[in-house]
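**Q** Supplied in structure tokens, the structure appears directly below.
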Amino acid sequence: MTAEQTNGSCCSPEGSCNSGATDVQVGDVTATYKVSGMTCGHCEGAVSAEISEIPGVHSVQASAATGLVTVASKAPLDEATVRAAVDEAGYELEGLAA
């Protein structure tokens, strides 16, 4: 029986509003970067694909609308490595998002 079947809500009795699945694994480091030049889904895919190839990266979520790229990795990433990946995709890393 799901949480929806027991209480009519997608939230569990413990207050969790998801099924327990998540893109970020326990112990991961999450960093958000500002990237300029992304204008569409293709841009998001190109940036995500390049950053995903960095060793230790688990997930990448890029948003052309905001210019933000959120990266989950096993350990903090070297900004020069992220910059090189973004450059390879054809965009510019402005740095960590404030």
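**Q** Which members of the stretch 48-62 meet the condition of being crowded, with 18+ Cβ neighbours inside 10 Å and under 11 Å from the mean Cα position of the chain (by Cα)?
**A** S48, I51, V57, V60, A62
**Q** Which residue pairs have Cβ atoms under 8 Å apart, sit 6 or more places apart or on different chains, and have a first residue in the stretch 53-72 that is on the phi < 0 side of the Ramachandran plot and a second that is of a type in the set (D, E) and open to solvent by 70 Å² or more (accessible area, probe 1.4 Å)?
**A** H58/D23; S59/D23; Q61/D23; A72/D23
**Q** Does V24 fit the bill of being within 11 Å of the chain's Cα centre (by Cα), exposed (fewer than 15 other Cβ atoms within 10 Å of the Cβ) and either on the phi < 0 side of the Ramachandran plot or modelled with pLDDT of 95 or more (or both)?
**A** Values: within 11 Å of the chain's Cα centre (by Cα): yes; exposed (fewer than 15 other Cβ atoms within 10 Å of the Cβ): yes; either on the phi < 0 side of the Ramachandran plot or modelled with pLDDT of 95 or more (or both): yes.
So V24 passes the test.
**Q** Another question, then. Tally the residues that are in a strand (DSSP E or B), touching a Phe, Trp or Tyr at 6+ places or on another chain (Cβ under 9 Å), open to solvent by less than 70 Å² (accessible area, probe 1.4 Å) and within 19 Å of D28 (Cβ to Cβ), restricting the search to the stretch 63-98.
**A** Of the residues in that region, 4 qualify.
Residue-wise test of (1) modelled with pLDDT of 95 or more; (2) of a type in the set (S, T, N, Q).
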| position | (1), (2) |
| --- | --- |
| A3 | no, no |
| N7 | no, yes |
| G20 | no, no |
| C40 | yes, no |
| V47 | yes, no |
| A62 | yes, no |
| D78 | yes, no |
| A89 | yes, no |
| G95 | yes, no |
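The values are calculated or read from the model by the stated rules, or taken from the named source; none is laboratory data. Quick caveat: nothing in here was measured; it's all calculated off a predicted structure. Every residue, glycine among them, receives a Cβ derived from its backbone with ideal geometry; neighbour counts consider all protein chains shown. Protein only, heavy atoms only, side chains kept; ligands, DNA and RNA dropped before computing areas. Shrake-Rupley method; radii C 1.70, N 1.55, O 1.52, S 1.80 Å.
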